Every structure is written in C-alpha cells, then in structure tokens.
There are 2 protein chains.
Amino acid sequence: MTVELTFLPSATVLEVPIGTTILEAATRAGLDIPAPCGGQGRCGRCKVQVQKGNVEQPENAHLAAEEHRQGYVLACQARVLSSSTIVLPDELPLEQVLSGVGVTDLAALAPACDWQHDATVRSFYVECQAPSLADNTNDLDRLRRALLHQHGVSDVSIDLSLLRVLPQRLRSQDWQVTVILEPLREGYRLVDVIPGRRERMYGVAVDIGTTTVKLFLVDLSSSKVLDSASAYNAQIARGEDVISRIIYSLKPGGLEHLRRLALKTINQLLFEVAERQDIDPQEIESISLAGNTTMTQLFLGINPQYIRQEPYLPTMLHPPQLNAGEIGIEINPNAPVYCAPSVGAYVGGDIVSGVLSSGIYATEQLTLFIDVGTNGEIVLGNSDWLIACACSAGPAFEGAGVHCGMRATEGAIEEVIIDGRTHEPTCRVIGGGTPQGICGSGLISTLAEMFITGVVDKAGRIQPNPDNERVREGEHGREYVLFWGQDERPDIVLTEVDINNLMRAKGAIYAGFSILLSSLELDFSLVDQILIAGGFGQYINIEKAIQIGLLPDLPWEKFRYLGNTSLLGAYQTLLCQQMRYLANEAAAKMTYLELSADNRFMQEYTSALFLPHTDLEAFPSVKALLEL
Amino acid sequence: MTVELTFLPSATVLEVPIGTTILEAATRAGLDIPAPCGGQGRCGRCKVQVQKGNVEQPENAHLAAEEHRQGYVLACQARVLSSSTIVLPDELPLEQVLSGVGVTDLAALAPACDWQHDATVRSFYVECQAPSLADNTNDLDRLRRALLHQHGVSDVSIDLSLLRVLPQRLRSQDWQVTVILEPLREGYRLVDVIPGRRERMYGVAVDIGTTTVKLFLVDLSSSKVLDSASAYNAQIARGEDVISRIIYSLKPGGLEHLRRLALKTINQLLFEVAERQDIDPQEIESISLAGNTTMTQLFLGINPQYIRQEPYLPTMLHPPQLNAGEIGIEINPNAPVYCAPSVGAYVGGDIVSGVLSSGIYATEQLTLFIDVGTNGEIVLGNSDWLIACACSAGPAFEGAGVHCGMRATEGAIEEVIIDGRTHEPTCRVIGGGTPQGICGSGLISTLAEMFITGVVDKAGRIQPNPDNERVREGEHGREYVLFWGQDERPDIVLTEVDINNLMRAKGAIYAGFSILLSSLELDFSLVDQILIAGGFGQYINIEKAIQIGLLPDLPWEKFRYLGNTSLLGAYQTLLCQQMRYLANEAAAKMTYLELSADNRFMQEYTSALFLPHTDLEAFPSVKALLEL
C-alpha cells in the first residue's frame, strides 16, 4: 500500500510504500538530504520538517523539544504512515554551504578572508578621455592614466594577448571600459579590458581529484557560489590511481595525453556551468585549482615520474602563477590560474586546501584530519604545528581492486546488515534498484557485519560454514554471496582476496594515524576531533569503520564530516589573496612524514592487518560488542 | 691592361685594370671598406696600407706624414699602377666596431654600461646536493637552495615551460647544472637550466627595419659581436613603407601574415648565424630588438591601424617583457625578449635606440640626429633635452616611388657626374657592371648634378634643350636619360615626376630640421654636430645632399656618419640592464612633435620644395657654386 509524499520547496511528488523512511523517499526522488552517518540516526544532520501527514519516528536525542513541536524529524528514522508534505531545508545560503562542508563558524573565517578588499582580481569601471592631436597619449598609457586618476591605481602591467585586442576594446564603447586587475606583489596586472560597464565578474574553483573533478562557478562580485558541477576525471581511462597514471605518463605521448584528458574534463565542466548560468566562459576572470601533487603536475604537463621513484620528489611545491590561455583552460585567456601548493610527493594541494578550509591551521584543538579518496592523506595538528603523511590506501574504498566493487553511484550496495543468526544479508542500494556491485561504504559495512557476525575471523578469513550456501569456494577462492544474480547476471560476492585488499587499505590508514601520533609521542586519547574529508567521507558509516579498525575507537561526537574540503579551499583561494598567503603558510608549516622511509610504519601496518587490530584493547567498543 | 691585387688579411686575389681605385677593387672582391663620404676623399675613413706595389694618389689632408711613410693611402683615391698587396684593417675589435658605428669614445659608454655586473641575463654554475629520503626537497627548491648557498641568489621564479624539463635537466649530469637567470625588479627569473657546466652564453641584437632586418650574434660572456647578418624584411612583399604595411594589416589575416613574415626573416637570420658559428639556437638566451613603432607592433601582432589615423596613437610605447617562445623566436623559448620603447607613432624604438647608442642623450653638444630610412626621423637636443619628429619622406631615397629607382645593391647607379658643358653623365655603378637602375645616393647625386649644371631649374623643372638628346619627352613627361638601354633593355631615366618625389622627400626632411630648431627658437648656426644614421647614411654624399637642400649647408666637419645606430642600441640593451633604464629615460625625455598637427610645418615644407630652397641665402656654399 502506497502513500503520496510531497517535498517542498521543490514540490516534488512521488508515491512510496507505507513505512518508507523520508530519507529513502527523498533519495528516490533525486533530492539530496545530508546523512553523513549513513542513516543510522546518529548524526542528527538530516532534520526535515513535516508540514502535513502522519510520520512515525523513534525518540531521538538530536531533536530539541522545540524542534519536536515544530514538526522536525530525522529523515533517516522517520517513516511515513500516510500521505505527507515534507519541507526540506532551503537551498543553502553561502554561510550554510560553508558550514555544510565543515566550516562551522563563518565568523572564524572572516578575519582571514576579507574578500571584498583583498580580492584576487578586482574590477574597475574607467572612462578614458578621448584622444586628440593635442592629447595623443598611446592607448595603454591613456588607460593607465585614467586608472590612476579615477581609482588611484598605478604600476599596471599588460600581457601581449591583451595588448593585441586593447585598441578595439578601448574604442568600441567610446573609451569607456571595465578593467579587471590582478594585484601583484608590486602593482597590478591587466586581466581583462571589457568595453562599457560590466558588473558581472566570475571565477571558478576546481578540485582535481584522481577520480572526480568538481567545480564551483562563483560570482566574484558577491562571492556567491552560483553553480557546481562534477564529472569523472577523464584520466581514469588511463589508470585508477596516481601510480598507474604516472606509469602511463612515461609512455611516449602519455604525459601530454593525460594533461589533455584533465583539461578536457575541466573545460567540459566549465562549459556546462557557463551554459546553464547563461554566461560567456570569457567572462570567467580567475580560476583556482587544488589537486594532489601528481594531479597538479599532470595537469600542468610536468613529468611526475620522480614522485614515484625513491626518494619521491615532486618537481615543485608551488606551481608558478599562470594564465588560463597558457595551459588551455577555456576562459578569458588572461585569467590568472592559481594552483594550491603541495607539501610533498603524496601530500598535495588538495590537502593544503583542506587544511585551509577545515580551519585546522587556526584551531587550538588537537585535530586528526583525514581525506580518503583514491589515496588516504592524514594531517595531525592545530594552529601551532601540523604534521602530514600519506598512506597508499589504494582505490579499494572507491570500489576499485575489489571483485564486485564499483563507485558510489546508482546500483551500488552502500550498506549491508547481516543477520547474526542466519548470516543472511540485507542490502541497501543507491537508487533503490537491483544491486550492480558494492561501493566503498558498502564494503566497509559488509566487512564490519561479516566480522561482527563471525562470517570472517579477525585475520579476515571467511569461516567455512556448510549450513550457509552464501559461503562458498569461488573462482577467486572463498567468498560470501551478498546478492544472488538474476537474469544470468553474476552473483555479487565479497572474496577473501577483496577482504585482504580492504584490510591492507584500512591497515595503512590506521597505521598512518598511529605513526603521526607516536612520532610526536601522543596517543588517540589526546585527539580532540577527527575531521573526515573527501567524497568518500560523505557516505562512510563511522560505527562500521571503527568495527573494521579503519577509524580509531573514539566517541562518535569527536568525528565530523567535512565533505570536499579541497574544493572549499579552492573556493577560498579563488576569492581572497589572504587565503593564498595562509595556504602558503599552512603548507610551509606542515611537516611531511614520508612513511615509506619509516620502519615503524611497517610495524604499525602489520599490527593493523587484523580486524579491528591485533590489539583489541585499542577498540573497547568493538571488544564490548564482540563480547555481547 | 690588368694588374693583380692581393688583399690581406683575407688573402683575396683579383685582377683589375690599371688605374682602378683600391676601393672599387675591394668592392668587387666583396670586401668591405668603410667609405661614408661616398668615395670623395673627404672623410678619410677608408685608410688602407700598401704593403707592396705601386699605387698613385693625390695629396690628401686626411693622412698624417707618419701614415704616409707607413704606406697608408685612402682607398677611394689611390689607384693601382702595378700588382700590389694591400692590407685592410683587421676585423674590427669591439672598440672599433662601436666607434665604426659612431661611438667615438668607448670610455664614454663604459660608466653607463657595466655589462659584467649589470647584465640582462647572468650565468651561474651550480652543484645541487643529490636527493635522499632524508633530504627529499623538491627539484625546484633544491636548485634554489644551491643557488642561495653557492651564489647568494634568492627569490628565483620559474616559467611553466622550464618546469616541464627541469627534472630531466637536473638529473642528466648528476645534479650539476649551469643556470641562466634574468634579474627582475625584485629577484630573478630562471631563463635556462643546462646540464653540466657551460661557459658559452649567446644573445642577439636585432634592428627590424621597414626594408632591412639586421642582426648581431653576441657572446654574452665577453660582449663580443661574433657575427652579423642582414636580409630584406620579408614584409616588403606586402608594401614598401609603413603606411602600406598598415593598410595591408587591416585585410583579413593581414596582420598575422605580416607578423609571420617579420618572424620568418628574423628566424632565418638567426639560423644563418647560428649555423655559421656552429652553435645551437637554443643556446641563445636573450634577444633585444629595435624597430619603428609600426614594425614593433606588427612584429608583436598588435593592430597598428590607429598609428595611421589621426590623432596617430600607438597601442603602447613600452612593449611588455616577453619570452621568445611566446612570440615564436626560435631560440631558447624562455629567453627574455626586450623591445626598445617608442616615443610616438612615428618616432619608434629604432630612434630611441639610436639616441642611446649615438650618445646624444649624454652629450653637451647641440646635436641634430637624422635617421633616413624608409621614413625620416629627426632628433634635436643634448643631455638636457631632446625633441623629435618624423617626416614622411617616403621611400624615394630608398629607390622606391622613382621610375628607375632601386635599392643600393649590385647594378645600382650610386653616383653621377654631369659634364657642365655637354650635360653628358658619367655613372658609377655598384658592382661595376651594367646599370640596372638608380639607388638613393645615385638619385641625390643625379639631382644635384642636374641642378648645378642647369639641366633642371630651382623648381625641379627639366629645362628644354633641343641640342641635348638626353633631355626628351617620355611616357611620364619630360625626362633626362642617364644611361642608354642596351640589348632591348629600357633607358635609365630620371623624370620630372621622380624629381618631384625626391623634392617632396628632401623638402619634408629639411622642413623637419627647420621646425625642430624654430620650435625652440634656435637656428642651424647653433648646431654643433649633425649625426646621420640609417642604412642610407652610409652612402650619402654630403656635398650633393647639401646641393639639393636635403641637408643644411653647414661645414662638412660638423657631419658624422653613424651607420646603423638602431642595431648598436639594440646591442647595448642586449648586454646591459643599465642601458635599458637609459633607453627608458631617453624615451621619456624626448618630446614628440607631431608635424601633421603643425601649420608651420606646411610653410617650411613649401619653402623647401625648391633646389636647394626658396631662401638661397640659407645655402651659401651652393649659392657660391652657382655664381661660379
């Protein structure tokens, strides 16, 4: 029996079976409600308001009495009993966009980012005097003179490509132009000269991920994020992780091919948002990018081979100031291109950008920051000091290198519950349809449930069980069947080989945590907060991640999901000069610990190659659960 | 009857008729003896030494008694009577190269150009520490660290193209490299990183003339000019003068076509000298160019149309700092490109460069500087002040726009003597063969002789003379036959139309002189020296130029030929940062007088449209000659 649900403000209507959770219904309707705890009712982030209708939900500590009265429920817990109208949070204003990606307090950012007065590009409307025989100053100096007289701006340099169009630009609207300037260490550089008066000025912030490229289109005159877009990095076709990309780049023409693929991805996203917002890409006057060290070098066409070879050297940490035209970004060719600085071979601009936007560099709290993407990078520290390392977690948590793995898209099993008695699994699938494979959060969930229910032992071995047809010998060794294939499609299984891959990945990350702490003679108990960033972080279930020993066994309230901190940092450095200084400062402050050079890492790693860990005492909550 | 002449040091041998002048013989042998007075025995610059043989020459005030004893003769006056051996001056050392183009005193240049310590690019040999896990600083910072420790150099920036090759360059000779740096206002820019130790460092200085492009290849470590080359500017095919080039540039694709033609010319010259000197063009680390305002804009691909339209505006006076790769010059793509600054639409970088190298900007003498090329530019002033103008002399003095005109190459009539009684001409032809046409100096010479002998009157009208078959009515009006065409080739004539063209050209230049002087309430008698620059200047005969009223009637000793001052200025700004500051200073100091905006110019011009001038009193030497 179905009921009709109406979601406001979008007025989306759909039919769902009675008892469906609001979160599930919203997901089916293509609406996005943040549910970082994975729908466990634990984070309290998925509050929605029931305007009309009958909705049932268990009691929940995340809702204040006042909120209860106003009809607020947690979307993940509340089940619809009758046709209802549900109000989703408004499209987030900028403040909430920021807080939604982990910056809880915009005021804390403000002093560091006075974007109105410390902008990376500035716009000036200028009326030049028309020339005459008595006043035959050349075009460029005429413009400079007007800038000085009308805006007090001096020492303005120009690039050749802009000089080539300057005469026409000045004359086409009777010597009235809007001038875009980039402040330099000394003076300014002309970025654009636009005939007539133009108020609009756009910029883009880009996160070049190994797997996914994400982009914000920003109105630079208001700092508002107008639109966003994301797509797979087209380089994926040439390797899933940075190492395989580096290997590909060494083939003849490989480097240039990868450079073009990344460029194509970015240009397509630019075209997409520009078209949707009905703007000319030439009106985009500034771009800020953040990516890991290899992505940055590949995008700039700089040979990354020495990143991979001991002693693991990037070519540079601070990419030079570039123009869009110089590297093929299809916006105003004179637009300045800013790339976030790296710290080392495997701690790149994406992490510096994340450290910036997450505010670690400014907090007094001892913070453990982890960005789990194709690689796992960890930063430990606070406003006084920062130490960072990278663990080659591999792409297992992105579904790669796992037999039935897939990315977190429609059809992916994202959560599994295994019955402790029958060992029968219940799968939640993104989009709700027939499962096609298992994504990262599904893998964590599956492994945790298999461990807790005894399907695998602490060494990751699947226990033989003749009574359970789901445990069997497969082509790749012993495996557990999560879903019986239908219509000649193969069964979805998790093999012992997959489990080994996952354990190596989680072991590497946990060892990274341990090493960073022990290298400073600290331990987990001293950590005030754990910030989880990365596309992956949005879907991870902390309880399950602790159960397999991926995350340390700390109180849940110490964990916070930040989302794409790299993109947010790129957004900040797009807007504000001061944020670039702070990025440099943060990068300079970060000590890079090269784990492959550290014997202790191998010990920690080996210890972490168990579920949850060789030292069960380090995981008291898991120990308690196992004892139950 | 012929004799055998041997020229040393090249040991060139050739046979010539008895009585041939040494200058003529040397010219036939392809050897270059400077003879700026046009072989009149008046400048004393063509001294050569007779080592063996019998040579006859009239007495000459230019040779000291000691020189006589040592066998020195003036090549233009001395005629060989027997087989002889003649010693030409050695290949000129730098001091004489400089003095040969007008800088009489190298010491006067020295304080302004300390090229060893104020070089535009500098070379450093660096040994970087090999990296290790314990010292895993990235490539760029490793290089910077070594530069700081070994040479005290800091604040070094890098361009993308060099970053792309940096890893390989550093590693190919075990982290030992030669680094070329360009000093900036603040810090340095990396121009090149060369594996191992390399002492050589080359630069090129270029004069981009409307008609001819000339180039010096310079050893930047010694400042020595290693080689030179010149070629017609390939743009000639699209117009003889700047105006026709500007018109062509407005056609679809015209600007880009002209840009490529200039670039092709320069690249071919570069290739030529590099091949001859057996160097890789990639070893050329710096380039300095001087050209008029239109040539500079065309070369940079900047629309020059507003240079031609009232109020005659260039796009800019100071071209931005560029890299060779950015504009297609085929040397090290990171090599800095310096273009001399302009003063106005028709007083360009070539004139600023000439003002620099001729030393006007530093002399106390009141100087009139004229550069006669396709256009005529005049500068008046001294170390305190400078005023400049351009007269659209047109290309008549380069042989264009004249019926039988041609450039000063083989086959051109370069001097004419007309018998005062018979009106029969005697022609001297470049290369000595059959005349093909008349070049600039030949035109001046012909017109002067026609005037002095009464073939034309002071209005430039050819006088009817039924007794002289050389005066006749031709297809283009009345004309004077200089040479009877042989083998069905047409006669070589000077028509009244040609004479009008020449008179307009010489009238414009003389009016320019007058206006500059009168605008400051000065007159010719106060002028201490007249410096004549430009390719044209090397061949002009001052006596004849005064007779037609092209040059003012001042004592010959006040005239000096400087040759290509634009190229010499480019050579100076190639070597030395300080010369660039001085060029900017000279350009800033020059007041640009736009003649087309000046009514007095039309008056002066009209007055100058006579031979030599309406005011014969201004030309006392000519008056005396006419009275004879």
Condition broken by A:K589, with the remaining ones in (1) out of contact with any strand residue (DSSP E or B) (no Cβ under 7 Å at 6 or more places or on another chain); (2) within 15 Å of A:A340 (Cβ to Cβ); (3) modelled with pLDDT of 90 or more satisfied: (1)
Matching residues, the range B:267-292, being within 21 Å of the chain's Cα centre (by Cα), among the β-branched types (V, I, T) and modelled with pLDDT of 95 or more: B:I287
Single residue of the range B:553-602 satisfying the filter (of a type in the set (F, W, Y) and either within 14 Å of chain A (Cβ to nearest Cβ) or more than 26 Å from B:D114 (Cβ to Cβ) (or both)) that is nearest to the chain's Cα centre (by Cα): B:Y561
Boolean, A:L98 is at pLDDT below 90, crowded, with 20+ Cβ neighbours inside 10 Å, not basic (K, R) and not in a loop (DSSP other than H, G, I, E, B): yes
Some residue of the range B:222-235 being more than 30 Å from B:G563 (Cβ to Cβ) and either outside the structural domain of B:A335 (by TED's automatic domain parsing) or among the acidic types (D, E) (or both): no
Residue identified as more than 30 Å from the chain's Cα centre (by Cα) and under 30 Å from B:S228 (Cβ atoms) among B:V193, B:V206, B:V165: B:V193
Filtered residue count, the range B:191-208, keeping only those that are crowded, with 24+ Cβ neighbours inside 10 Å and charged (D, E, K, R): 2
B:Q168 out of contact with any strand residue (DSSP E or B) (no Cβ under 6 Å at 6 or more places or on another chain) and either within 10 Å of chain A (Cβ to nearest Cβ) or surrounded by fewer than 20 Cβ atoms within 10 Å (Cβ to Cβ) (or both): yes
Tabulated pairs, the range B:505-518, first touching a residue at least 40 places away in the same chain (Cβ under 8 Å), second among the basic types (K, R) and part of a helix (DSSP H, G or I), C-beta under 8 angstrom, 6+ apart or interchain: B:I515/B:R600; B:S518/B:R600
Any hit, the range A:268-288, residues being in contact with a strand residue (DSSP E or B) (Cβ under 8 Å, 6 or more places away or on another chain), within 14 Å of chain B (Cβ to nearest Cβ) and part of a helix (DSSP H, G or I): no
Total residues in the range B:396-426, condition outside any loop (DSSP other than H, G, I, E, B), buried (at least 19 other Cβ atoms within 10 Å of the Cβ) and more than 24 Å from the chain's Cα centre (by Cα): 3
Among residues of the range B:121-149, those that are over 28 Å from B:T573 (Cα atoms) and away from chain A (no Cβ under 14 Å), counted: 3
Enumeration of residues in the range A:549-558 that are on the phi < 0 side of the Ramachandran plot and either surrounded by 24 or more Cβ atoms within 10 Å (Cβ to Cβ) or of a type in the set (K, R) (or both): A:L550, A:L551, A:K558
Test: residue in the range A:258-265 that is assigned to a strand (DSSP E or B), in contact with a strand residue (DSSP E or B) (Cβ under 7 Å, 6 or more places away or on another chain) and not charged (D, E, K, R): no
Subset of the range A:582-606 [in contact with a helix residue (DSSP H, G or I) (Cβ under 9 Å, 6 or more places away or on another chain), surrounded by fewer than 20 Cβ atoms within 10 Å (Cβ to Cβ) and under 18 Å from A:G359 (Cβ atoms)]: A:N584, A:E585, A:K589
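For every residue, the table says whether it meets (1) within 12 Å of another protein chain (Cβ to nearest Cβ); (2) touching a residue at least 12 places away in the same chain (Cβ under 8 Å).
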position	(1), (2)
A:P320	yes, no
A:G325	yes, yes
A:I329	no, yes
A:V337	yes, yes
A:P341	yes, yes
A:G344	yes, yes
A:D350	no, yes
A:G354	no, yes
A:E364	no, yes
Hits in the range B:270-313 - residues which are surrounded by fewer than 24 Cβ atoms within 10 Å (Cβ to Cβ) and touching a residue at least 60 places away in the same chain (Cβ under 8 Å): B:L270, B:V273, B:Q277, B:I279, B:E283, B:R308, B:E310, B:P311, B:Y312
Cβ-Cβ under 6 Å pairs, at least 6 apart or on other chains, the range B:1-20 side over 13 Å from B:G53 (Cβ atoms), far side in a loop (DSSP other than H, G, I, E, B): B:M1/B:I18; B:T12/B:A29; B:L14/B:A29
Helices (runs of 4 or more DSSP H) contained entirely in the range B:435-553, each with at least 1 residues that are more than 24 Å from B:L368 (Cα to Cα): B:440-452, B:496-519
Which numbered condition B:Y232 fails, given (1) within 19 Å of the chain's Cα centre (by Cα); (2) buried (at least 19 other Cβ atoms within 10 Å of the Cβ): (2)
Which numbered condition B:L380 misses (of (1) within 12 Å of chain A (Cβ to nearest Cβ); (2) of a type in the set (A, V, I, L, M, F, W, C); (3) within 21 Å of B:D598 (Cβ to Cβ)): (1)
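The values are calculated or read from the model by the stated rules, or taken from the named source; none is laboratory data. Here the structure is a predicted model, which means the values were calculated and not measured. Glycine gets a Cβ as well: all are built from the backbone with ideal geometry, and neighbour counts include every protein chain shown.
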